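Right, one structure below, let's go through it.
The values are calculated or read from the model by the stated rules, or taken from the named source; none is laboratory data. Everything numeric in this text was worked out from a predicted model, so none of it was measured. Heads up, the Cβs are rebuilt from the backbone with ideal geometry, glycines too, and the neighbour counts pull from every protein chain shown.
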Amino acid sequence: MKAPELDNKLIFERSREGRQAYAQAPLGTVNTDGIPAELRRQSPISLPQVSEMDVVRHFTRLSQKNFSIDTHFYPLGSCTMKYNPRACNTLAMLPGFLGRHPLAPDTHSQGFLSCMHDLQEILKEVTGMAGVSLTPMAGAQGEFAGVAMIQAYHQSRGDTERTEILVPDAAHGTNPATATQCGCTVREIPTNSEGDVDVEALRAAVGPKTAGIMLTNPSTLGVFERRIGEIQKIVHDAGGLSYYDGANLNAILGKVRPGDMGFDVIHMNLHKTFSTPHGGGGPGSGAVGVSKRLLPFMPIPVVGKDEAGFRWLNEKDLPQSIGRLSAFAGNAGVLLRAYIYARLLGREGMHRVAEFATLNANYLMVELEKRGFNVAYKGRRASHEFIITLKRQKAELELTATDVAKRLLDFGMHAPTIYFPLLVPECLLIEPTESESKETLDSFVDAMAAIYEEAKNDIGQVKGAPYTMPVRRLDDVRAARQLDLRWQP
Amino acid sequence: MSNIPADLKYAASHEWLRVEDDGTITVGISDHAQDALGDLVYVETPEVGGTVDAEGACAVVESVKAASDVYAPIAGEIIAGNEALVDRPELVNEDPYGEGWLFKMKPDSADDVNNLLDADGYAATLED
Amino acid sequence: MPFIPHTESDISEMLAAIGADSIETLFDEIPRELRCGGLEAIPEGLSEMATNRLMHERAALDGQAQCYIGAGAYEHHIPAAVWEITTRGEFYSAYTPYQAEASQGTLQLIYEYQTMMCGLTGMEVSNASLYDGASGLAEAVLMAVRANRKSKSSRILMPTAVHPYYRQVAQNIVEGQGIQLEALPFCTESGTTLVESLAHLEGEDITALVIPQPNFFGNLEAVDALTDWAHAQGALVIAVVNPLALALLKPPGEWGADGVDICVGDGQPLGAPMSSGGPYFGFMACKQQHVRQMPGRIVGRTVDMDDKPGFALTLQAREQHIRRSKATSNICTNQGLLVTAATIHMSLLGPKGLESVAATSFANTAALVDAVSEIEGVEPVFSSARFHEVVLRLPASATDILARMASHGILGGYNLAENYPELGEAILVCVTETKSPEDIARYAKVLQEALS
């Protein structure tokens, strides 16, 4: 007998007037006459009326419509979808941590603060920076903090004309968006044919208006920026500072440190490199690290230590700080998970992260080449990720990156990142991470080869994919033209 | 090969321009541009009464995967925006040189039109 | 090797396939002189068992005091099912739902979340969430400046009765763009922003007015009059609200004649534990006409190739990965996992449960005010109606009293001295539904002892 298909009802469509999850509300009735009539709610609250089991079943079933690291290979380039150790979740959710109020006095905070202080020290050591602030709530907020610190540094020196941020054209979209949000103007620097920054173009672009450069290394093209020393010298000689986007820190963890590469400020995506969960789109954590000259400008609060123990440092301790970026101290629970991960890995484990992430990426790259796929930057080593371009397959077979991405889902594998970076046509950015086994990588290669063969025989079959998901390809144009953003009875 | 009417003027940034009988000009994006963007889902037309410089960004066309600025081909005052595109952005895809026009301008100097490309000149830019 | 599955033979086969003689060879493009040393300051790795012990010890250090601090983070009962389901691997370890077909669970959940937030706030559209309430307010300010095209001043009126940290965060995030946040004083008697006090601003170019409900002091603002006043000036209205309070209070979409334009707040009371300040989530809802100016992810319902309904991210061209330097914001993530928790939390409580939690919190706070007002020299500072927080004046040093109460296992409130020195010895106290009548009686007793 074939299992009946799960129904696709919304939770609102399961609602029945008068039904309730009775165990969850306080018992008894209370008097609310103290609220003035004109301030009271008159309209009904349109939440579903359902039983506890309705809720558990509905959302458990919804979860089963997702791909995730725990259920599927997820080689999403630039996202570092590695195993999220369960212990990190369990231990970060101990009642003592969950029940601590963010404004609790230091006397009731030494356990939590000690973890945050340890994490700051570990991140300083592994990145080679002089100071770390954990407060930014996501990579983009870390970027914001970084550019704001660069601005604050120039302003503190009376150097007020530096308003231009240089960004390689291969950069993540957040880099230029962040610079704009900080009130800077963006100047794009081209990339050469081998995937490195065009150093001559950079030399021509820097000047008295240069506030700084934002770089990802290895770059979004999956290769290490070999002339990094020269780039640093050009920018620093021009009076600018350099910013390290930590999106690809997993590629170099324990091998080379941003501080040793000469960067003045960095952000780390702890949800990538330190394996905190992606959660279906957050929460992230974008801790920042700074060189000595930017120490006074770090966002607050940071954890300090004195004879009395650990305590938050605020604007009194760091009067030149760029200030607060979150109501309290960032995504504390995410930081605890990163701390637990760091303790489980330890020193040796950190070295191994980059080693095995790089081994897996290079292996996958050569195996895919053997099956007829074209690598975008041939002759270069892969970092922890690499790019396949389907430019040729598109011309010959009309096989696009979207087609391959959708068909992979039918093989039980999440798609790589597609159409990013924008510089490479029909690209797939593939990042296997260190936690995947050789067997998994081999089965991915087999799936890719099978899709290629299928495309040669019957491109229509590939274009119709996916066939085994809860839905087939969705009409994005209709979604944007006929906006339906909430359920209405 | 995309459609490039011979009676229009063009900017290298893919806008077309038509000089009307009353001296005003009508601006839209070329067939090539609408094809490259794909199905449009939103068009933001400029505010009527505003003035723009030549090559100043003044409208936005948006598809599912891309958003692109539209530049004023010459300097002047905005005198109309195509209201029909608010509900039917697809008009730009269906009829880029007709119902899918974006905005109308009163040029600062009628001679500025001569600085733009003709159909052959624009076609040549697409061949590179 | 923790979290690395490779056997020795895997490694040698893979290196042979690559044509490299060692893993070290794979790093040959990195200049030698940059390679780092041994990372001596990082401790050796621990087993899970040892880590377990370490973390239990650390957690125990923070004690289990009873908490009466609110000030933007609130202790509420969270049904067991909320985090049981939220931490299922399929939600916990999924990425942003860019591949819609393989993410229908997360996408449908966000669509349901957007619907619930619209219902609660009375607004027309909601995004998929922002980082937290404070940064959400900053995004709302930036959005108002984009959306109010008639205003040229980029001038935002910000009551000082808004959470001081929210004001600081908003200032820090928007100042790069030349936006001015102009402080509005509160009435020292009512503890609210009086519409009469704004008369001198009439006729000026104002971009937006921020209205908190309840405000930082727990007081209820006259939201209808403030909203209508702002709209009469051509200003947009940004509401900053506690979402739980909206189970009892008029939703922002119904304030004044036309409702507010943008509504933000922190979603923490909807299923997120206090957890030292995060992760929480910021919510944002607005009028339909402003949807293209709204930052952050948005999910829409559409159909697939077979006309079957499904869900996808939409309006993505506003976002940084497409629009780059012209994006509405640099924001990429939402707080997906917290939205998952909140959606399950709101479903479990339902309209009656949520109202009951809000009402019980309200009543418990009123009961605590009654109980402590018996103590000589202790009284509410403000006369306004309030939700579940109250500012109490103390007849002695607030710092000393709070420390004494803490030594008896009660975190008695938030000391206002730093941010509102003009209020004298005053603390902000919050009582949610989690406190029993016995707890409240004990609070009063410990406070009295601390004072004597």
Task: Unique match (being touching a Cys at 6+ places or on another chain (Cβ under 6 Å), at pLDDT 90 or above, away from chain A (no Cβ under 14 Å) and surrounded by 15 or more Cβ atoms within 10 Å (Cβ to Cβ)) among B:Val52, B:Val70, B:Val27 - done: B:Val52
Open item on the list: For a quick check of your reading of the model, give me the residue pairs whose first member lies in the range C:35-60 and is touching a residue at least 40 places away in the same chain (Cβ under 8 Å), whose second is of a type in the set (S, T, N, Q), with beta-carbon atoms closer than 7 Å and at least 6 apart or on different chains.
Closed with: none
Task: Residue in the range C:119-140 that is surrounded by fewer than 24 Cβ atoms within 10 Å (Cβ to Cβ) and free of Cβ contacts under 8 Å to residues at least 60 places away in the same chain present - done: no
TODO: Could you grab the pairs with beta carbons closer than 8 Å, sequence gap of 6+ or different chains, first residue in the range A:307-318 and without any contact (Cβ under 8 Å) to a residue 24 or more places away in the chain, second one small (Gly, Ala, Ser) and outside any strand (DSSP E or B)?
DONE: A:Glu315/A:Ser321; A:Glu315/A:Gly323
Open item on the list: Of everything in the range C:305-315, what is in contact (Cβ under 8 Å) with a residue 12 or more places away in the chain and facing another protein chain (nearest Cβ under 7 Å)? Give them in sequence order.
Closed with: C:Gly310, C:Ala312, C:Thr314, C:Leu315
Task: Flag if C:Ala199 is away from chain A (no Cβ under 12 Å) and assigned to a helix (DSSP H, G or I) - done: yes
Open item on the list: Among the listed residues C:Ser383, C:Ser325, identify the single one that is within 8 Å of chain A (Cβ to nearest Cβ) and over 26 Å from the mean Cα position of the chain (by Cα).
Closed with: C:Ser325
Open item on the list: When the residues of the range C:111-148 are narrowed to those that are assigned to a loop (DSSP other than H, G, I, E, B) and in contact with a helix residue (DSSP H, G or I) (Cβ under 6 Å, 6 or more places away or on another chain), which ends up farthest from the other protein chains (Cβ to nearest Cβ)?
Closed with: C:Met123
- [ ] Filter the range A:140-153 down to residues that are farther than 18 Å from A:Glu164 by Cα and facing chain C (nearest Cβ under 7 Å), then give me how many there are.
- [x] 2
- [ ] Considering every residue within the range C:399-419, establish whether at least one is within 11 Å of another protein chain (Cβ to nearest Cβ) and of a type in the set (D, E, K, R).
- [x] yes
Open item on the list: Please list, ordered by residue number, the helices (runs of 4 or more DSSP H) wholly in the range A:1-112 having 2 or more residues that are more than 7 Å from chain C (Cβ to nearest Cβ), of a type outside the set (Lys, Arg) and crowded, with 19+ Cβ neighbours inside 10 Å.
Closed with: A:52-63, A:86-92
Open item on the list: Restricting to the range A:324-353, count the residues that are at the interface with another protein chain (Cβ under 8 Å from one of its Cβ atoms) and under 25 Å from A:Ser443 (Cβ atoms).
Closed with: 1
TODO: Could you list all residues from the range A:216-259 that are in a strand (DSSP E or B) and over 16 Å from the mean Cα position of the chain (by Cα)?
DONE: A:Leu241, A:Ser242, A:Tyr243, A:Val256
Open item on the list: Regarding the range A:347-361, can at least one residue be identified that is more than 24 Å from the chain's Cα centre (by Cα) and in contact (Cβ under 8 Å) with a residue 60 or more places away in the chain?
Closed with: no
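Looking only at the range A:376-397, which residues are within 18 Å of A:Leu76 (Cβ to Cβ) and either within 7 Å of another protein chain (Cβ to nearest Cβ) or hydrophobic (A, V, I, L, M, F, W, C) (or both)?
Those that are within 18 Å of A:Leu76 (Cβ to Cβ) and either within 7 Å of another protein chain (Cβ to nearest Cβ) or hydrophobic (A, V, I, L, M, F, W, C) (or both): A:Ala376, A:Ala382, A:Phe386, A:Ile387, A:Ile388, A:Leu390.
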Open item on the list: Of all residues being in contact with a strand residue (DSSP E or B) (Cβ under 9 Å, 6 or more places away or on another chain) and free of Cβ contacts under 8 Å to residues at least 60 places away in the same chain in the range A:367-379, which is surrounded by the most Cβ atoms within 10 Å (Cβ to Cβ)? Just the residue, please.
Closed with: A:Val375
TODO: Answer with yes or no whether A:Asn269 is buried (at least 21 other Cβ atoms within 10 Å of the Cβ), in contact with a helix residue (DSSP H, G or I) (Cβ under 6 Å, 6 or more places away or on another chain) and more than 25 Å from A:Lys209 (Cβ to Cβ).
DONE: yes
